[in-house]
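S.K.: Quick one: this structure, given as structure tokens, is what I'll be asking you about.
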Amino acid sequence: MVNIQVDGKWVQVPKGTRAIEAVSKHGTFVPHYCYHPKLSSPGNCRMCLIEMGSPKMGPDRKPILGAEGYPETSWIPRPQICCATDVAEGMAYRSHSPLIDECRKGVMEFLLINHPLDCTICDQAGECHLQEFSVEFGQADSRFLEEKVKKPKKVDLGPRIVLDDERCIMCSRCIRFTQEIAHDDALGFTQRGSHTVLTAYPGRPFANNYSLNTVDLCPVGALTSKDFRFKMRVWFLKQTSSVCTSCSTGCNTTIGSRENIVYRQTPRENNEVNSEWMCDHGRLNFHFLQDEMRLTEPLARQADGSRKPVPMKRAVEEAAAQLHQFKPDEIAVIASARMTNEELYLAGKLIRTLGVTMFDILPRPQPADGILVSADGNPNTHGARLMKVASDDPGRYLPIIARKVNEGAIKALICLGEDATACGVNPDVLATLPCVISLAILPNMTTAAATVLLPGAGFTEKRGSMINGKGRLQRLNRAVEIPAGAGDDWEILRDLIAALGGGNGIYTIEELFKQIAVDAPALAGLSLSKIGDLGLDLKDKLSP
Amino acid sequence: MSAPIHWLWSIVVDLYTTWGFIMVPLSKTIVLVIVVLIIVAYSSLAERKVSAFIQDRIGPNRVGLPLTLLGFKKDLRIGGLAQPLVDGVKFLLKEDLTPAHVNKFYYWLAPALAVAPALLSIAVVPFGSTLTLFGTSYKMVVADVNIGFLYVFAITSISVYGIVIAGWSSNSKYPFFGGVRSSAQMISYELSMGLSLVPVLLIIGNLNLSGIIEYQAKNGWMALPFSNLAFGMHENGPWPWVSGFRPREMLLWIPMLISFVIFTVSIFAETNRAPFDLPESEQELVAGYHTEYSSMKFALFFLGEYAAMITGCALIATLFLGGWQVPVPSVDFHSLHDWTFALITRTGADGNIWGLFNIVCFFGKVIALILFFMFVRWTVPRFRYDQLMKLGWVVFFELALANIVITAIILAFVPA
Amino acid sequence: MAITVQRPNLSLAERSYLPAIFTGLSITLGHLWRMMRGKTHVTMQYPEQKWDSHLPEHYRGVPALVTDDYGRERCVSCQLCEFICPPQAITITPGELGENDPFAKVEKFPQEFKIDMIRCIYCGLCEEVCPEQAIYLMKEYAVTGTTRAEMVHDKKKLYEIGGLKTGLVDKWDANK
């Protein structure tokens, strides 16, 4: 710990702290553009200018101590940037003084000289640091009478990014991110002075899987997401803390939705999981829930072989009635490690109520990229194991199930969120199977062959918990309502178990989690609300 | 006349000659009810127009003949004369709501009870002298009963039930207040109304309303004893003479005027018209006894109120203003020394033209009185409840009693 | 302390109400008579006669979108009006202008702009908040319709009402 003086007050901060962090924490907030705690500090925006001073030294090269026992300060006669220096013993900082206020005003004026002031069409408006700081530190009118510098607008940087160079303030955050985090040195500045422009390397698109993080990093509206561009103003978006379900990393996210439509997904800081980043694939992987093909009508096969829309309650009864016709060894269950713990728990209960011995989940191995993308494409493999829906080697039984189905030994198939053909079941056999119960979101071969189709909910529409690849229990929250006609997966499963004679008595997801906490020792003593927004580490409690 | 029409006509004549005892009162009733209902409809328009004009507004002026429906360019407005028609249609088409908390039977009965008495009592009021049809002379009154007077009082005292039952069965506080106020008010004023007419009966000595009119035709109106005036000069006589100017009639004018005022004011009170509209005073009681009513049931109360007003005006006209009778000046000039000027009564006996003239006169008086009722309504503010009771019990009751005594004294001591 | 109100001493005639009634009747009948002769002019016959020429400069009628001197639709669908609208009457679907559009520099335009006139309270906040001088409250006020759908003004209708407005700031000039 070192002693420093912030705005006339002596405090202790850990050694190695950046001066900007120490001053922001103990003094007042220091405005900044280029500085980002997760990136290196180039000190090129000059917004974080403050006054600094070092201890006054006596002739004996020892600090001269003042009345309180602290060294007296000799102030540096000009402002300093505080983002590029670490604190040192006896240093003094002033985050507010007439000089500093003037400096900030001057820097803001410089930054805005060539800014196009097109906030009305800028996607950043509402979460733009330029707007915020110019309200707080800038001045209302411009003294600039000359022509503004023309720069390229609407530059197609890559498949997901559009750049407006006129809005860019040369903070270089995006460049540093691509170098330091994404390890894809694709961006850089060219030209000089006020003609400096940000460009991608010629002939090479800015297309890495982390490119959209630069949109979040950009303190102004220079980098915008093609996916979100002009779709909705940010101040309309309802923010829901959730978790990405595209791989087992489980990046923490914020879902931005308005009037039951999800518009974007952004990473949420969690230093145990994803820092402040997430991959582009996971970020954009929510559009399928708003697809036109979305299943929203429960179907049940009638006596004449045709499928007719029925209410969800009737469909569940129909499923139970169909399952009753088969012996336990004629039934197989294919569950999904994309389901939440709660759903998997009920899936396990369903398996044991039916007495089924053939059940498994579909594994999704994929190449890991060493940054965030994990080798397991399923977000909740740990959960599936914990709920005894999968073995330690997930997918081991799938070939057996597929063979038995194809041979006709298994006549009834329950597919919870997975497509049986992806597990090796012959599509022709599937189409003629006497009983296929499918819980799904989008149509596939299995839903086409389903004798009872139960449309379920997507990850933005439900509450529940998942355990990521590193054994961290995290929580999903509901951002939008389930489409009319579809149902919440855990409620469908609960009703199905009840219709099969398994009993229930669970009416809320909280009650369900409490019951899981009783049955699964790893979750003992927990509840949904105790998980918190940042999750809980269960690594030690989970069996290897 | 072609053969089929002739044949139809003969059937009509046949009906009237053989079934006259039913057909004649029936047709008189139908015609009378239709005329009264038309007057009711147009009084509602007149009320709105009069109130509008008094308040410097325009009033309904839009509804006319919808000529655009027939392909013309513009509708014919005719000053909103079709307003009562569309009002009626609106009332018929509105949702007829019966609140859950009411006493259903009485709730449905009350509107009927509000209309029926008003229409019933007009049956005995002569609305014309006589008309001659197929050689038979018919009296222009539906029921020429000898106790017409008592009948009218009997029926009007029933009219309070419509309001009281409406107020009570609505099972809601404002209608209840309205009903209570109304019953108290009507019972109070019925008394002075009845007593104010005793002097009239003392003078005429006849309960038959036709008889009352005949008496007025002969002796001058109760409220205007000069209406049978006649004067002139005879060649033989030395002085000009005046007839109809008799001291006893002149003296009786005073009690008759008192009776007239008390009776008229009591009719105001009996029909719940301003300034005696406490049962439905909007500012205090929402709409009084018919607050809970809607659609046609509400319209029936509305209709009943106006029908009662027409009946009341008809009674005032009959009792004090000579009924259907209007004196016609008749000058007989021979020379400066031989002339007469007389106000004489023409009746149906002088020809059907005069019979029709009498009918027109009757309804003319009724309409004039209705207009007077309206002027008063839009001029005089509502009485306070204690003022209302004081006026009824302290002023009119005593005045009417005294009036009987005065009339009796005049009749006993002043020679005819 | 009780206050004793001095009651006026009324004469017998006054207490009989009759003089007051007749005075009142003369007043009301006087008005009636003047009206019948057409001497009083108070009421305006609304749809035929209108007061439009007397509307004040700041009159707030129906909100509408305007185009400027160059025929450019002013609205860039920043959705501030949608945000500020107290009864949430405005719904905007933003869109992106194509490269070939003569005003491609503006980039953004409203694909659909709907104002639910059943909800609109004519407060004028949309006009006040608009950074593009695109939405104005016109002097038009007679908005009627026979269905709810008819009362929702779409973009076409809004431009029809708003028309062209001259003298607006041209901040999207390509040379600026």
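The values are calculated or read from the model by the stated rules, or taken from the named source; none is laboratory data. These figures come from a predicted structure and were not determined experimentally. Cβ coordinates were reconstructed from backbone atoms using ideal geometry, including for glycine residues, and neighbour counts include every protein chain displayed. Ligands, DNA and RNA are excluded from the accessible area calculation, which covers all protein heavy atoms including side chains. Shrake-Rupley method; radii C 1.70, N 1.55, O 1.52, S 1.80 Å.
S.K.: Any residue in the range A:51-72 that's under 24 Å from residue A:85 (Cβ atoms): show its pairings with residues that are basic (Lys, Arg) and open to solvent by 40 Å² or more (accessible area, probe 1.4 Å) at Cβ separation under 6 Å, as long as the two are six or more apart or on different chains.
M.R.: Correct list of pairs: A:51/A:94; A:64/A:56; A:72/A:56.
S.K.: Kindly provide the set of residues from the range B:27-66 that are open to solvent by 50 Å² or more (accessible area, probe 1.4 Å) and not aliphatic (A, V, I, L, M), ordered by number.
M.R.: B:29, B:42, B:48, B:55, B:57, B:62, B:66
S.K.: Now for a different question. Pairs under 6 Å by beta carbon, first residue in contact (Cβ under 8 Å) with a residue 60 or more places away in the chain and closer than 21 Å to residue B:305 by Cα in the range B:92-117, partner among the hydroxyl-bearing types (Ser, Thr, Tyr) and outside any loop (DSSP other than H, G, I, E, B), six or more apart or different chains?
M.R.: Pairs found: B:94/B:295; B:96/B:295; B:106/B:169; B:107/B:169; B:117/B:159.
Conditions (1) touching a Lys or Arg at 6+ places or on another chain (Cβ under 8 Å); (2) in a loop (DSSP other than H, G, I, E, B); (3) buried (at least 19 other Cβ atoms within 10 Å of the Cβ), marked per residue:
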residue: A:3; (1), (2), (3): no, no, no
residue: A:11; (1), (2), (3): no, no, no
residue: A:29; (1), (2), (3): no, yes, no
residue: A:32; (1), (2), (3): no, yes, yes
residue: A:41; (1), (2), (3): yes, yes, yes
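S.K.: Select, from A:410, A:414, A:400, the only residue that is out of contact with any helix residue (DSSP H, G or I) (no Cβ under 9 Å at 6 or more places or on another chain), hydrophobic (A, V, I, L, M, F, W, C) and modelled with pLDDT of 90 or more.
M.R.: The match here is A:400.
S.K.: Any residue in the range A:158-175 that is over 26 Å from residue A:30 (Cα atoms), within 14 Å of chain C (Cβ to nearest Cβ) and open to solvent by 30 Å² or more (accessible area, probe 1.4 Å)?
M.R.: No, every residue in the range A:158-175 fails to be over 26 Å from residue A:30 (Cα atoms), within 14 Å of chain C (Cβ to nearest Cβ) and open to solvent by 30 Å² or more (accessible area, probe 1.4 Å).
S.K.: Within the range C:99-113, how many residues turn out to be more than 10 Å from chain A (Cβ to nearest Cβ) and open to solvent by 40 Å² or more (accessible area, probe 1.4 Å)?
M.R.: The number of residues fulfilling the criteria is 5.
S.K.: Please verify whether the range B:189-209 includes one or more residues that are surrounded by fewer than 22 Cβ atoms within 10 Å (Cβ to Cβ), within 18 Å of residue B:164 (Cα to Cα) and in contact with an Asp or Glu (Cβ under 9 Å, 6 or more places away or on another chain).
M.R.: yes
S.K.: What number of residues within the range A:209-249 are within 13 Å of chain C (Cβ to nearest Cβ) and touching a His at 6+ places or on another chain (Cβ under 9 Å)?
M.R.: Residues that pass the stated criteria total 1.
S.K.: Further question on the same structure: I'd like the full set of residues that are touching an Asp or Glu at 6+ places or on another chain (Cβ under 8 Å), buried (at least 18 other Cβ atoms within 10 Å of the Cβ) and not small (Gly, Ala, Ser), limited to the range A:90-99.
M.R.: Those that are touching an Asp or Glu at 6+ places or on another chain (Cβ under 8 Å), buried (at least 18 other Cβ atoms within 10 Å of the Cβ) and not small (Gly, Ala, Ser): A:93, A:94.
S.K.: So, one more: May I ask you to verify whether residue B:298 is under 16 Å from the mean Cα position of the chain (by Cα) and either farther than 22 Å from residue B:123 by Cβ or crowded, with 23+ Cβ neighbours inside 10 Å (or both)?
M.R.: no
S.K.: On to the next question. Could you check the range B:29-63 and list, in sequence order, the residues that are within 14 Å of another protein chain (Cβ to nearest Cβ), closer than 19 Å to residue B:369 by Cβ and aliphatic (A, V, I, L, M)?
M.R.: Those that are within 14 Å of another protein chain (Cβ to nearest Cβ), closer than 19 Å to residue B:369 by Cβ and aliphatic (A, V, I, L, M): B:46, B:50, B:54.
S.K.: Would you say residue A:368 is in the same structural domain as residue A:507 (by TED's automatic domain parsing), part of a loop (DSSP other than H, G, I, E, B), open to solvent by 60 Å² or more (accessible area, probe 1.4 Å) and of a type outside the set (Ser, Thr, Tyr)?
M.R.: yes
S.K.: Continuing with the same structure: For residues that are within 12 Å of chain A (Cβ to nearest Cβ) and not in a helix (DSSP H, G or I), scanning just the range C:114-131, find the one that is surrounded by the fewest Cβ atoms within 10 Å (Cβ to Cβ).
M.R.: The selected residue is C:131.
S.K.: In the range A:223-241, what residues are outside any loop (DSSP other than H, G, I, E, B) and surrounded by fewer than 24 Cβ atoms within 10 Å (Cβ to Cβ)?
M.R.: A:224, A:225, A:234, A:235, A:236, A:238, A:239, A:240, A:241
S.K.: What are the residues in the range A:125-143 that are in contact with a Leu (Cβ under 8 Å, 6 or more places away or on another chain) and farther than 22 Å from residue A:39 by Cα, if any?
M.R.: Within the range A:125-143, A:134, A:138, A:142 qualify.
S.K.: Checking residue B:323 against (1) surrounded by fewer than 19 Cβ atoms within 10 Å (Cβ to Cβ); (2) modelled with pLDDT under 85; (3) not hydrophobic (A, V, I, L, M, F, W, C), only one condition comes out false. Which one?
M.R.: (1)
S.K.: Being within 14 Å of chain C (Cβ to nearest Cβ) and touching a Leu at 6+ places or on another chain (Cβ under 8 Å) is true for just one of B:318, B:379. Which residue is that?
M.R.: B:379 is the lone residue from the list that is within 14 Å of chain C (Cβ to nearest Cβ) and touching a Leu at 6+ places or on another chain (Cβ under 8 Å).
S.K.: Under 6 Å by Cβ, and 6 or more places apart or on different chains, what pairs join a residue from the range A:198-223 that is assigned by TED's automatic domain parsing to the domain that holds residue A:160 with one that is of a type in the set (Ser, Thr, Tyr)?
M.R.: Here the result reads A:199/A:190; A:212/A:225; A:215/A:225; A:216/A:266; A:219/A:33; A:223/A:214, each pair linking the range A:198-223 to a residue that is of a type in the set (Ser, Thr, Tyr).
S.K.: Counting only residues that are of a type in the set (Ser, Thr, Tyr) and within 14 Å of another protein chain (Cβ to nearest Cβ), which one in the range C:35-79 is surrounded by the most Cβ atoms within 10 Å (Cβ to Cβ)?
M.R.: Only one residue fits best here, namely C:77.
S.K.: Among the residues of the range A:322-365 satisfying the criterion of being free of Cβ contacts under 8 Å to residues at least 24 places away in the same chain and either open to solvent by less than 60 Å² (accessible area, probe 1.4 Å) or out of contact with any Asp or Glu (no Cβ under 9 Å at 6 or more places or on another chain) (or both), which is farthest from residue A:388 (Cα to Cα)?
M.R.: A:327
S.K.: Out of A:530, A:539, A:462, which single residue is modelled with pLDDT under 95, open to solvent by 60 Å² or more (accessible area, probe 1.4 Å) and not in a helix (DSSP H, G or I)?
M.R.: A:539
S.K.: Restrict the check to the range A:139-151 and report whether at least one residue is touching a His at 6+ places or on another chain (Cβ under 7 Å), open to solvent by less than 40 Å² (accessible area, probe 1.4 Å) and within 14 Å of another protein chain (Cβ to nearest Cβ).
M.R.: Within the range A:139-151 (the criterion being touching a His at 6+ places or on another chain (Cβ under 7 Å), open to solvent by less than 40 Å² (accessible area, probe 1.4 Å) and within 14 Å of another protein chain (Cβ to nearest Cβ)), the answer is yes, since at least one residue qualifies.
S.K.: Let me ask something else about it. Which of the residues that make up the range C:1-26 are open to solvent by less than 100 Å² (accessible area, probe 1.4 Å) and within 10 Å of chain B (Cβ to nearest Cβ)?
M.R.: Within the range C:1-26, C:16, C:17, C:18, C:20, C:21, C:23, C:24, C:25, C:26 qualify.
S.K.: Would you pick out the residues in the range A:197-213 that are crowded, with 17+ Cβ neighbours inside 10 Å and more than 12 Å from residue A:162 (Cα to Cα)?
M.R.: If the condition is that a residue be crowded, with 17+ Cβ neighbours inside 10 Å and more than 12 Å from residue A:162 (Cα to Cα), then A:197, A:208, A:209, A:210, A:213 are the ones that fit.
S.K.: Report yes if residue C:82 is outside any loop (DSSP other than H, G, I, E, B), surrounded by 16 or more Cβ atoms within 10 Å (Cβ to Cβ), within 18 Å of the chain's Cα centre (by Cα) and of a type in the set (Asp, Glu), otherwise no.
M.R.: Judged against the criteria, residue C:82 is not a match.
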